[in-house]
Amino acid sequence: MTVIDHQSDMTFARADKSGKGPVTAARQRRTAMIYAAVWALGLLPLLTGASAGWQAAGLGLWMPGAGFVAVGGWAALLFPLTLALFVVSLIAWFWAGLVLAPVTVWGGTALIAGAMATNGATAIDYGVVLAAMAGVTYFFRNRNETARVAGLAKRMTRAALLPASLAEVNVKAAARPDETTREIAEDDLKSLRYLLDRALQPVNEFNGFDIIDQFQPAALRYQINHMGFALGIAQGAYMPNFQGYMGQAQRNLIEKYLLRKVWGYWVYESCWGHLNFTNFDPAAKDNIMLTGWFGMHVGQYMLNSGDRRYGEKGSLTFRLNDKTSYVHDLHTIIGSVVSNYDRYNEQFCLYPCEPNWIYPICNHYGMTSLATHDRLYGTTHVAKFLPGWLDKLDTEFTNEAGSIIGLRSQHLGFEVPFPVGEAGYANFADCFAPERARRLWAIARKEIEPAITVDADGKKRISLPGKGIDAGNYSAGHTASYGSILMGAREFGDEEIAQAALRSLELDCNMTEAGGTRRYLKGSNLANISAATGRLMRVGDFRRSFVEGPSEATLKGPMLTDASYPQVLVARAYSHGDDLELALYAGIADGAQEIALGQLKAGATYAVTGAPTPSITADDKGTARLTVLLSGRTAISIRPL
Amino acid sequence: MACCAFAVFLLGQIAFAWERVRTFVFGIRADTERPPNLAVLWQPGATAAALPLSTAPSWTHWLRRTLTPQMIILAVSVELMMGAGGLAFIAHQAGYSAADLNAALAMICQNGHMAAL
């Protein structure tokens with residue numbers, strides 16, 4: 001994989017002060033011209049002395065529902081009602097790519113007003129609508145200008161604190177743990193079990209998942225992907241030489257993702273967003289929220305396990321019904337990301353999730369998926385796309401404060417103002433642009449610092465303002481934020497912030513431990529996954545699991561291929577090449593358990609320490625079984641004689 | 001974290017406004033303390049009896065909480081106002097006077113009575 005870093009001059013925002021890049025400016029000009037044309041069209045009935053109906057319909061083109069002003073009487077009340085409905089239609093457009101919704105509301109109400117009108121529009125009617133237009137325009141211009149000024153001031157503040165903070169981050173992020181000795185702490189196994197319990201259930205069951213809608217952040221696909229990320233991180237960091245239930249859990253999640261229940265949202269979005277009623281292939285045009293995320297997920301599993309089955313044709317087939325399937329594998333999933341970046345290269349380069357809506361965060365997933373594929377198969381996708389991608393990110397998707405914006409309309413060019421924290425992007429950027437990632441975290445940590453307080457026990461904690469919001473189930477709460485901060489802090493070695501986030505999770509999120517599992521009852525499943533991931537992570541683990549992976553020698557060494565879950569909990573499974581080192585705990589009760597080993601040298605004898613049997617001999621397939629006595633932490637070593 | 005955080009942002013604003021209006025009209029509810037997320041509570045072997053409620057937000061629960069007598073009175077009042085406004089608008093557009101409308105309604109009632117006989 002090629003890592004290219006852009007903007008090594010430590011700036012983090014574009015020099016252009018207009019607030020928009022050239023593509024954005026062009027799209028906004030086009031939008032303005034289209035609106036001007038529609039406005040002129042709406043004026044024509046008045047100029048030509050057309051009938052009352054045409055005049056009302058024309059006025060309705062100026063603003064959603066404005067035609068009802070010309071109808072007069074009680075019908076005028078439909079004007080504000082239509083405006084409210086128009087806002088709802090915009091939400092539907094954004095929520096599920098329902099591009100027809102605002103068009104239908106605007107155009108439809110103009111026609112209805114035309115049908116209702118009996119008297120021609122008066123000068124007062126036009127005046128009222130023009131005043132409303134002026135009010136809306138003033139509101140948005142004023143808000144944008146206020147945001148622009150505040151953003152520039154924030155940028156200055158950030159620029160002042162960045163160098164010192166970055167220097168600290170560079171030191172902390174360099175302190176990566178020794179991968180040859182790593183082991184999950186017994187306490188953290190409780191978080192791993194939260195993930196394994198859910199991932200090891202039958203593929204078509206979703207117990208323990210939040211099931212609300214399949215369009216937005218609470219969708220099953222996001223829970224599945226992030227659960228896979230967490231397990232992949234644990235696999236690569238602590239147990240690259242454990243297949244068994246760890247591999248099964250990750251494969252279960254990948255298989256779950258292929259169920260129509262999970263990806264079927266795209267059938268609807270294709271229809272009402274792309275007006276495509278025949279081809280619902282989820283890995284074709286747009287939909288980076290599937291291809292980017294799933295590409296990362298599958299690629300990470302392959303990288304950390306050595307399992308290459310998902311590179312085979314048809315291994316990731318999305319079945320629509322008995323007659324129609326969309327045959328894919330990792331290469332074609334990544335191929336979709338590549339072809340979309342090719343298609344949109346001359347435009348925004350970054351491309352949409354739902355039809356029309358471009359989310360930079362999902363494009364970070366997409367670029368990471370390319371980096372993982374490059375690492376696995378020696379492709380050069382990142383080298384090809386990253387320079388232009390970063391350029392567009394900086395010029396089209398970065399605001400005056402230097403922050404990456406939340407989302408932009410592909411067709412209209414307008415930005416939807418939403419504050420997105422730098423911490424959310426940093427881990428992903430660490431996979432393909434590590435210097436940029438450290439800059440993002442250097443900003444984030446300084447903006448988190450004021451929220452660090454000391455609790456009654458004298459321990460540091462994070463105190464976030466307000467009730468917070470959990471994207472995983474659309475409820476109030478800070479669990480998701482603490483989890484996200486924890487992940488960022490762990491990735492860049494900011495242990496003080498990590499400990500403060502852990503303390504807040506413990507105090508604020510109704511943490512309970514039952515059945516050997518830790519969970520936060522005030523959080524969604526997605527928030528719990530973030531918290532569990534953060535607990536398992538150490539410095540650089542996110543990057544390691546997506547673009548580095550275990551060494552070839554480790555993956556070729558002896559493997560723990562089978563152990564019962566939850567009877568046998570694996571905290572470490574690592575090979576230097578010929579040996580195997582295990583650290584096991586009893587998940588239910590101390591006592592004897594049988595485990596299976598594989599990838600041994602056929603017929604070779606191995607010395608065993610930590611188990612009743614002093615030696616084992618591999619059969620002609622290179623496998624062997626071993627009985628172990630679990631009591632507390634049980635360390636087992638297997639070395640060739 | 002998720003790509004679609006804007007949805008949460010928008011919903012949050014709507015929910016916030018709604019909560020403010022609701023609190024203003026009906027006061028603070030006793031059950032505002034959030035119940036634990038039952039999806040998170042799940043563990044292998046858990047039975048339906050152990051998890052008595054759906055893991056998704058319960059719409060029936062929401063309805064039970066929302067359909068208070070005050071809310072029903074408010075909703076009916078709004079419906080009546082809208083209905084009356086709609087009738088007045090239709091009558092006005094059709095060129096009928098209020099008297100014409102009353103006569104038409106009386107005729108409809110009379111016909112209905114005769115049909116019943």
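From the residues in region A:376-425 that are touching an Asp or Glu at 6+ places or on another chain (Cβ under 7 Å) and more than 30 Å from residue A:36 (Cβ to Cβ), which one is surrounded by the most Cβ atoms within 10 Å (Cβ to Cβ)?
So, considering only residues that are touching an Asp or Glu at 6+ places or on another chain (Cβ under 7 Å) and more than 30 Å from residue A:36 (Cβ to Cβ), the one surrounded by the most Cβ atoms within 10 Å (Cβ to Cβ) is A:382.
I'd like to know if region A:519-532 contains one or more residues that are more than 29 Å from residue A:296 (Cα to Cα), at pLDDT below 95 and either more than 20 Å from the chain's Cα centre (by Cα) or open to solvent by 20 Å² or more (accessible area, probe 1.4 Å) (or both).
No; the residues of region A:519-532 include none that is more than 29 Å from residue A:296 (Cα to Cα), at pLDDT below 95 and either more than 20 Å from the chain's Cα centre (by Cα) or open to solvent by 20 Å² or more (accessible area, probe 1.4 Å) (or both).
Which ones in region A:597-617 are open to solvent by less than 50 Å² (accessible area, probe 1.4 Å), in contact with a Pro (Cβ under 9 Å, 6 or more places away or on another chain) and in a loop (DSSP other than H, G, I, E, B)?
Listed by number, the residues that qualify are A:600, A:604.
Could you grab me the full set of residues in region A:190-213 that are open to solvent by 40 Å² or more (accessible area, probe 1.4 Å), at the interface with chain B (Cβ under 9 Å from one of its Cβ atoms), under 14 Å from residue A:256 (Cα atoms) and touching a residue at least 12 places away in the same chain (Cβ under 8 Å)?
A:200
Counting just the residues of region A:272-292 that are under 21 Å from the mean Cα position of the chain (by Cα) and in a helix (DSSP H, G or I), which one comes out farthest from the other protein chains (Cβ to nearest Cβ)?
A:291
Quick one: residue A:191 ticks every box in (1) part of a helix (DSSP H, G or I); (2) of a type in the set (S, T, N, Q); (3) closer than 30 Å to residue A:69 by Cβ bar one, so which box is it?
(3)
Scan the helices (runs of 4 or more DSSP H) fully inside region A:42-124 and keep the ones with 3 or more residues being under 19 Å from residue A:414 (Cα atoms).
Numbers: elements: A:52-62, A:67-71, A:78-96, A:100-116.
Fully inside region A:42-124 and qualifying: A:78-96, A:100-116.
On the given criteria, is residue A:372 in contact with a Cys (Cβ under 9 Å, 6 or more places away or on another chain) and either away from chain B (no Cβ under 14 Å) or without any contact (Cβ under 8 Å) to a residue 60 or more places away in the chain (or both)? Break it down into steps so the answer makes sense when it comes.
On the way: in contact with a Cys (Cβ under 9 Å, 6 or more places away or on another chain): yes; either away from chain B (no Cβ under 14 Å) or without any contact (Cβ under 8 Å) to a residue 60 or more places away in the chain (or both): yes.
Here the answer is yes, as residue A:372 does meet what is asked.
So which of A:262, A:337, A:267 is in contact with a helix residue (DSSP H, G or I) (Cβ under 7 Å, 6 or more places away or on another chain), closer than 22 Å to residue A:210 by Cα and of a type in the set (Val, Ile, Thr)?
Among A:262, A:337, A:267, only A:262 is in contact with a helix residue (DSSP H, G or I) (Cβ under 7 Å, 6 or more places away or on another chain), closer than 22 Å to residue A:210 by Cα and of a type in the set (Val, Ile, Thr).
Only residues that are over 23 Å from residue A:195 (Cα atoms) and within 36 Å of the chain's Cα centre (by Cα): list them for region A:564-595, please.
Across region A:564-595, the qualifying residues are A:575, A:576, A:577, A:580, A:581.
Filter region A:562-596 down to residues that are in a strand (DSSP E or B), small (Gly, Ala, Ser) and closer than 20 Å to residue A:517 by Cα and give me whichever is most open to solvent (accessible area, probe 1.4 Å). Break it down into steps so the answer makes sense when it comes.
So the first thing to find is which residues in region A:562-596 are in a strand (DSSP E or B), and the list is A:562, A:568-574, A:580-586, A:591-596.
After this cut, where a residue has to be small (Gly, Ala, Ser) as well, the list is A:571, A:573, A:583, A:586, A:591-592, A:596.
Restricting the remaining residues to those that are closer than 20 Å to residue A:517 by Cα gives A:571, A:583, A:586.
Working: A:571: 0, A:583: 0, A:586: 28 Å².
Checked region A:562-596; the qualifying residue most open to solvent (accessible area, probe 1.4 Å) is A:586.
Could you go through region A:536-556 and let me know if any residue there is closer than 30 Å to residue A:581 by Cα and either facing another protein chain (nearest Cβ under 9 Å) or among the aromatic types (Phe, Trp, Tyr) (or both).
Among the residues of region A:536-556, at least one is closer than 30 Å to residue A:581 by Cα and either facing another protein chain (nearest Cβ under 9 Å) or among the aromatic types (Phe, Trp, Tyr) (or both), which makes the answer yes.
Could you please let me know if residue A:250 is under 20 Å from the mean Cα position of the chain (by Cα), open to solvent by less than 10 Å² (accessible area, probe 1.4 Å) and more than 27 Å from residue A:341 (Cα to Cα)?
Judged against the criteria, residue A:250 is a match.
Give, as residue ranges, the helices (runs of 4 or more DSSP H) completely inside region A:214-271 that count at least 3 residues that are away from chain B (no Cβ under 14 Å) and out of contact with any Pro (no Cβ under 8 Å at 6 or more places or on another chain).
By residue number, A:220-238, A:244-257.
From the residues in region A:426-461 that are assigned to a loop (DSSP other than H, G, I, E, B) and open to solvent by less than 40 Å² (accessible area, probe 1.4 Å), which one is nearest to residue A:360 (Cα to Cα)?
Here the residue is A:433.
Just wondering, is there one or more residues in region A:497-514 that are of a type in the set (Val, Ile, Thr), open to solvent by 10 Å² or more (accessible area, probe 1.4 Å) and closer than 30 Å to residue A:593 by Cα?
Step one: list which residues in region A:497-514 are of a type in the set (Val, Ile, Thr), which gives A:497, A:512.
Subsequent filtering for residues that are open to solvent by 10 Å² or more (accessible area, probe 1.4 Å) retains A:512.
Keeping just the survivors that are closer than 30 Å to residue A:593 by Cα gives A:512.
Checking region A:497-514: at least one residue is of a type in the set (Val, Ile, Thr), open to solvent by 10 Å² or more (accessible area, probe 1.4 Å) and closer than 30 Å to residue A:593 by Cα.
Would you be able to say whether some residue in region A:342-361 is open to solvent by 10 Å² or more (accessible area, probe 1.4 Å), of a type in the set (Val, Ile, Thr) and within 14 Å of chain B (Cβ to nearest Cβ)?
Yes, because at least one residue in region A:342-361 is open to solvent by 10 Å² or more (accessible area, probe 1.4 Å), of a type in the set (Val, Ile, Thr) and within 14 Å of chain B (Cβ to nearest Cβ).
Quick check on residue A:175: is it open to solvent by 60 Å² or more (accessible area, probe 1.4 Å) and of a type in the set (A, V, I, L, M)?
yes
Return the total of residues in region A:503-535 being facing another protein chain (nearest Cβ under 9 Å) and assigned to a helix (DSSP H, G or I).
Residues meeting the conditions: 5.
Under 6 Å between Cβ atoms, at least 6 apart or on separate chains: pull out the pairs that start in region A:69-95 with a residue that is touching a residue at least 40 places away in the same chain (Cβ under 8 Å) and more than 9 Å from chain B (Cβ to nearest Cβ) and end on any residue that is open to solvent by less than 60 Å² (accessible area, probe 1.4 Å) and basic (Lys, Arg).
none
The values are calculated or read from the model by the stated rules, or taken from the named source; none is laboratory data. Just so we're clear, the structure is a prediction, and the values are computed from it rather than from any experiment. Glycine gets a Cβ as well: all are built from the backbone with ideal geometry, and neighbour counts include every protein chain shown. SASA here: full protein model, heavy atoms, side chains in, ligands and nucleic acids out. Shrake-Rupley method; radii C 1.70, N 1.55, O 1.52, S 1.80 Å.
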